[in-house]
Every structure is written in structure tokens, then in C-alpha cells.
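See below for the structure under consideration.
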Amino acid sequence: MLEALTGWLLNYLVHSTVLLGGVWALERLGVLRQPVWREAFWRCAFFGAVVTASAQPLLQGQRIELPGSWNDVAVAAAPTTAESVDADMADPSGAAAPVPMPRPEPSPTPAPVVNSVPTRAPVVGAADAQRDGSTDGLRVAADRPLGAGFVAALGHSGELRDAVAAFVLAWPIVALLGLASTLVRWLALRRQVRALPLADDHELRQAAFELAQRAGVPVPTLRATPHWPSPLVAPGAQICLPARLMRTLDPGQRVAVLAHEIAHLRRRDLAWRLGARLVAQLGWLQPLNRLALRRLDLLAELACDAWAASEAGPVPLAESLYVCARDRADVPARRVGRWRRAPGAMPALASAMAAARSPLMQRMQALLEESPMTDAPTSARRRAGRWLLAGGLCALALAVPMIVIGKAPRISLDIGDAVSRLASTGKVTRQVSISGGHELRVTYGGDLVFNEDDTDIVSLDDKLVIWERIDGVTRKVEFRAAGQGAVTRQYWIDDDARPIDDTARQWIAEQVSRVAETAQGSEKRARRLLERGGVDAVLADVAKAPEPMIRRSRIEGLLATGRQPDDTMMRLIALTDDMGDEFQRRNALTSLIEHQALTPAQQRAVLEAVGKLSVDFDRREVLVAMSPKLSEDAAVMAAWRQAVQGIGGDFEKRMAIVSLLEDGASRNAAGRVDTALAASLLVQGDFERRTVLESVSRQLHGGVAAHAARYADAARTMSSDFERRTALTALMDEAQVDREVALQVLRGMDGMSAGFDRAELLMSLAGHMPADAALIAQYRQAARGLSAHDRGRVEAAIDHLTPS
């Protein structure tokens, strides 16, 4: 998602720069002299950049993969599947004096050196590494030993990636806030304007009626406002006229003001303004958008001035502009406090006659010059030339090679980590686990060697820091290599150095065991427990896992040791019930399904566990994983249907049912088809149910008659005639239609309206059904109520069955 977002943003910035810069250049060169064409080009460039940037991926043009250096560095430096850099493990209280500890006696069998993160392999599991945005998952990162110079460059590259990633994610956040703010202001302006009193000037209302007729727009509502010094057009075809200004102007000037505002309605400027503000909020990073907005606002005012001058005269309009500008200057747009604007400030979303930045002198000069501007069309030759220029600009934007982000960096803004990377000369591993009120952070450099029980450190290359916060209490231990194989240990509670007593040793042993498990994987732990206590010891270890992710990892570790007995599989399925994390529970169930073929009893147990999942997506994923191996035992099918019934969304239900049909190991399985047809009645949406029925029809292959009645039952309760026709037509298209199938199709169309879909379905049936007199009579009965035209078509469709 981040890669696509980054790519679209970069392409939009490139396209908008090309288009807006091109129009600006044409304007500066004097090619676009006529206001109507200048406005058309600015609009095309402003809105077209969004279109071309979105359409370019569909054109399969030349592409630039950016930035390649990120991918290269990521592959060379971090072969794991995920990186979570969120560990500032420096001691916040200063360093306590190291406490030398005797080195543990080595076991008879030399302890192996463990590479904490195997090259190109995930530490805990690919599913965890790919789970973005989780606060429950354990994150691990490791780097190969690198030279100091390269590591320094890597640190700078990481900081750059972090900054770019944060900037890219800030863009949609700011854009969404801007879009929401714009829509809220739009609605607030509508509400504010509707609260204003109606204008009681009969002459103005009559003038508005006549001008609206000439402009070809509905008669606007005139309202008197004491708030704003300039006339404006507000949402809902509302024209707000300042009471003070209307008292100052003479009748001709008032008509000119009214004509100007009605010209905005004629041009639909309010809708254009709203659209422009939304696009500007979406592309807030593009500085040229502000230039385009100013140009479009000015050109809109010039065009409205031109129409108003043609209707009310240029002199009255110029005079009214001067008076509006004078009144506008008397009430500056200032802010009251930090967020509120003064009452006289003009709304940004309204089309005001005399806005704060409106170039008054330019507008008055355009009105009073001998050859005033006009929005009359130009010659066909000039129009063609300018359309060619516009097409050339769009082609130029589309010709720019598309920027594609191969792999965007994961966000990390940890300053301590950046310093650590710059100072490190080798492999650094970090782990972060946050779950509820529990937080665990681990960092170490180089390789670790554990004792036989994985409860202590035998040796290490650099240092290991474990930091934990639970219930507001923090504990920290630091192992440091002291030379000649010695290891020193320091221990803190709430930043106070403490001696390592029995309680501390127990806590340290638990944490080191956890580090060993994540570094080496759960399979080694499972094998050691199997040798010592058998399966019961492993299952007890799974049950006491402190976190759902660790429990899932230990389940997978036991499965990795080989095929498991049936009773062990049942106990493992039961151990997934009280896992608090839906994601981990779903992955655990999926691992059990994929490890070995489950017996019908085990499948029922898994399906019962699926019913305890609260997220529709997780339920569907487990059902899809089970579909290829699902037994056709009646009890299993009933449990499967019960699991589908618990899904709330029609989309997820449809995906699960279609998977049952299309991913099944055996085709033409009557049990699967019957179960799918029964489950289709659980799908409420017509589109989703029709998709299920089409999938059913593809699995029949000659066995249509046996399932036609249930198929018709599922189709006849659909409310959409189109979806019902499509489903019943699919049934006829997949196999030979005999008398029984034709009768069920006729029954399935009961309740359809006498319209196009009913006629089309009957004509399709005529091409498949046999020449049976009783069947033809029912066919004609179903055609009653159709229009004469449709009934004639339906009757003609069976001519081949009723030879004269």
C-alpha cells in the first residue's frame, strides 16, 4: 500500500509540474491571450494531473523503479522479512558498575553458536514479519557483519528512508484533514447562508428573474447579509447581498452586481471552486497549485464581469466594483484568536464579487477599455490549434516515465537507533513486543551462545540488553562481554541498580529463554522438551506461553518436528481457543490445517474454533485454507455451514462458499454442491448470491437435474430481476436442459416483474428446453403480462419447437 501511495504521489507531482508549468509558459509566451482559453487550459492542467497520474499505470508505458538504492541496501543489510527499529536501549539513568559473574560451566556437549537471524529466513515466522501496524507482534531485525564505512552509509540511508517514509505518510494524513475541513466549511457555509433573511427588494427580485432567464439558470434566492461587505454566491443558488452596499448603489449598479453574481451561477463557478479546493487539498505538496487557483479565480471573475457588462453595461459594473472594493477595505479579513475569523472575513468557498486578492484595477481596465473582453467562441481553426496544444501537454505528461516504488521502507523514527547504527561495526538485532500494559525491548550485537537450558548467556560478541515494563514497573538487565570469555551482568529496577538476587535470576532466566526462542526458533525448544518430557511437556510449554504470538510459534515448532498423533492434534486445536489475538489464532489454525490431513473429528473441532473468531476476514481465511482438504462427511459439512452462518459480511460468505466449490479436491462432489446451495441462502446480497450460484452451475457438469430444485429455490428469493436472470441463465448454459430443469427455471422466475429481464430469460430458456407440449404451455403462461412487443419476441423464440 505504501509503495503504491508513494508512487502515485511522485507521479502526480511530476505530471502536475509538467502540465501547470507548461500552461504557465504558454501564457507567458502570449499564446493564450483570450480569457476563455486561458481558463480552459488552466483547468485542464489543474484537474488533468490527477487523471493522467491515475491513468498512467493502465497504459503500461516506460517505468522508472525508484529508489533502487533502498532495495539494494535492504537486501544486503537486512535479510529478514521485517524490521522494527524502535529500541532506544541506552540506560536512561547512567551506567551502574559492572558486576563480574563467574562464567557458567560449559555442558559436556559444546553449545552451538547461534546466528540470531538466519540469512533470508524469518526469525519467528513470515506471517508475523508481514503483519504491518500490529502492536502485539514481535519484531526482529539483523544485519550482516559490515565494514564501518558501509555501516555508516547504511545509517545515513536509513535516516533518509525514515524521513522519506514519514513524509509520504504525512501527505495522506494532511490531505484527509484538508478534505474534511473543506467539506465541513462547505456545509457550515450552507447552514449560515440559509439562516440569513430573504431580501425584500421587489425590483431586485424582478431583475434576478429576468437575468436568470437570460442566463438559462433557475431563479436564485436573494438574501440580505449584515456580515459580508461584498456580494457573493453561496451553495444552493443563494446570492447574498450586503444591506449596506445595496443602500449605497443606485438601481443600475445594483442590477450590474446582480448580473455578476448570476454569471457565477451560469458558469457553475461554485462547483468548480469546490472541486479545485478539494484537488488542492489532495495535492497540497504541489506549490504550483496555489498559482493555478489564483489564475482560475481571476479568470472566473473576468468572465463574469464580461457577461455582466453585456447585460447591465460596463460603467455601472465598474462603479459597483469600486464601491465594493472600498467597503471591503473598511472591513479587513482578520482572525479572532487562533482559529476563528472576524465576522467580515469572506468565505473561501463562496464566489465573492470583490475578494481580498482580486486585482481591481485589471478588472476595471478590462471593463472600460475600448475592446472589452468577451467569452465568444473563436474560429474553428484557432480552436483546433488550442486543442492540439492541450492534447500535446497531456501527451507530454503521459510520456514522462512512470515512477514505480519497488519496495518502500518501513517507518522508523528512533533517533537512538540511528546513533546505534552509526556506531556499530557488525550485526545488530532488535526486538520489540508491546501488548496491552506489557512492553518488552531487546537489543544485542553479534552472536549469542546460550547454555543447555537456554536460561543464561554463555558468551556473546558485544552486549545484550533486555528491558521490560509491566504494570508501571521497569526492569532491565545488561549482559556485556568482558574479554577472555567472561560475561558481566548489570540489573536495574525502575532505573535503580540492584543486586542480582534469586528473584532477579528467575526473571533473567525467563527473559533469556524468550530471547533464545525468538533467535533460534521454537522448533529447537520443542525438540529439547520432547527429549526430556515428551509431548506432554511441549503442550504444557505451549499452554504457558506468555503471549499469543509465542503460543502460535510454539505450536508451529511442535508441528515442525513431524507428524503428530490424533490426540495431540486435538489438544493443539483446543490450545488455540484462549489465544487473545485473532490474527495469531487464525495463523495457528491455518498451520494445523496445512501441516497434515485432519480427521473428520479434527476438522469439526477446527470449524468450531472458527466459530469463536470474531473477525469475518479471519473466519474466511481459515475456511478457505480448509476447503481443499475438507471432508464430505455430513457432520463436517454441517459444521462448515454453521461456521459460514456466523460470518456477518456477504462478501466473506461468498468467498468461503466459492472456495468450497472451486478449491475442492474432488469435482462433481454432490455433498459440496448441496452444502454450497444451502449456504447460498445465508447470503443476503443479490450480487454475492448470484456469484455463488454461478460457481455452483460450473460444478454440475451434467448433474443439473439433481440440484435444479434447490438452485431454483436460491434464485427465486433474489429481489433483483437482473441478478436472478443471470443466475438462471448460468444454470442452463452449463449443461443439457431436460424437462425437469426447464420446469425449475420456470419456477425460479416466479415473482419477476413483467419486463425486459423476464422476456430475456424466457427467450434463453426457449433455446435450451425440449419440445414438450405441457412445458410449452407453461412457458406461454409465464409470458402473460409482458408487453405486446416482448410477448411477440418470446413467442417467436419457440417457433422451432412448434412447427406449423
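Things to note:
- So Val465, is it buried (at least 20 other Cβ atoms within 10 Å of the Cβ), assigned by TED's automatic domain parsing to the domain that holds Gly436 and not in a strand (DSSP E or B): no
- Of all the criteria given as (1) in the same structural domain as Ile798 (by TED's automatic domain parsing); (2) surrounded by fewer than 16 Cβ atoms within 10 Å (Cβ to Cβ), the one not satisfied by Gln684 is (1).
- Among (1) surrounded by 14 or more Cβ atoms within 10 Å (Cβ to Cβ); (2) within 19 Å of Glu556 (Cα to Cα); (3) not hydrophobic (A, V, I, L, M, F, W, C) - the single one Thr488 does not satisfy: (2)
- Selection over the stretch 246-271 of residues that are in contact (Cβ under 8 Å) with a residue 40 or more places away in the chain, hydrophobic (A, V, I, L, M, F, W, C) and either surrounded by fewer than 24 Cβ atoms within 10 Å (Cβ to Cβ) or over 17 Å from Cys304 (Cβ atoms) (or both) gives a count of 4.
- Some residue of the stretch 161-176 being at pLDDT 70 or above, of a type in the set (D, E, K, R), outside the structural domain of Gly275 (by TED's automatic domain parsing) and assigned to a helix (DSSP H, G or I): no
- Ala504 vs. criteria modelled with pLDDT under 90 and more than 42 Å from the chain's Cα centre (by Cα): no
- Hits in the stretch 17-37 (condition: buried (at least 17 other Cβ atoms within 10 Å of the Cβ) and either under 16 Å from Gly391 (Cβ atoms) or modelled with pLDDT under 85 (or both)): Val18, Leu19, Gly22, Val23, Leu26, Leu32, Pro35, Val36, Trp37
- Every pair of residues 6+ apart whose Cβ atoms lie under 7 Å, when the first sits in the stretch 720-747 and is more than 20 Å from Phe687 (Cα to Cα) while the second is among the hydrophobic types (A, V, I, L, M, F, W, C) and not in a helix (DSSP H, G or I): Val737/Met769; Ala742/Met769
Condition check ((1) among the hydroxyl-bearing types (Ser, Thr, Tyr); (2) in contact with a Gly (Cβ under 8 Å, 6 or more places away or on another chain); (3) farther than 26 Å from Ala634 by Cβ) across all residues:
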site: Thr561; (1), (2), (3): yes, no, yes
site: Asn587; (1), (2), (3): no, yes, yes
site: Ser591; (1), (2), (3): yes, no, yes
site: Val606; (1), (2), (3): no, no, no
site: Ala609; (1), (2), (3): no, no, no
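- Summed over the stretch 188-230, the residues that are buried (at least 18 other Cβ atoms within 10 Å of the Cβ), free of Cβ contacts under 8 Å to residues at least 40 places away in the same chain and among the hydrophobic types (A, V, I, L, M, F, W, C) give a count of 1.
- Any hit, the stretch 722-732, residues being assigned by TED's automatic domain parsing to the domain that holds Glu795, hydroxyl-bearing (Ser, Thr, Tyr) and in a helix (DSSP H, G or I): yes
- Test: residue in the stretch 658-670 that is surrounded by fewer than 17 Cβ atoms within 10 Å (Cβ to Cβ) and in contact with a Gly (Cβ under 9 Å, 6 or more places away or on another chain): yes
- Remark: pairs (first residue in the stretch 441-461, on the phi > 0 side of the Ramachandran plot; second residue small (Gly, Ala, Ser); Cβ separation under 8 Å; 6+ apart in sequence or on different chains) = Gly446/Gly426; Asp454/Ser513; Asp454/Ala516.
- Failed criterion for Val140 (all others in (1) modelled with pLDDT under 65; (2) hydrophobic (A, V, I, L, M, F, W, C); (3) exposed (fewer than 15 other Cβ atoms within 10 Å of the Cβ) hold): (3)
- Being out of contact with any His (no Cβ under 8 Å at 6 or more places or on another chain), more than 19 Å from Leu700 (Cβ to Cβ) and part of a loop (DSSP other than H, G, I, E, B) is a property that holds for Ala754.
- Residue tally, condition among the polar types (S, T, N, Q) and either outside the structural domain of Leu321 (by TED's automatic domain parsing) or farther than 14 Å from Leu265 by Cβ (or both), over the stretch 204-234: 3
- Inter-residue pairs, beta-carbon under 6 Å, first farther than 15 Å from Phe47 by Cα and in the stretch 283-306, second of a type in the set (A, V, I, L, M, F, W, C) and at pLDDT 90 or above, 6+ apart: Cys304/Ala263
- Taking the criterion of being closer than 22 Å to Ser433 by Cβ and either of a type in the set (S, T, N, Q) or in a loop (DSSP other than H, G, I, E, B) (or both), the residues of the stretch 561-587 that qualify are Thr576, Asp578, Met579, Gly580, Asp581, Gln584, Asn587.
The values are calculated or read from the model by the stated rules, or taken from the named source; none is laboratory data. Values in this document were obtained by computation on a predicted structure and should not be read as measured data. Every residue, glycine as well, gets a Cβ built from its backbone with ideal geometry; the counts of neighbours run over all protein chains shown.
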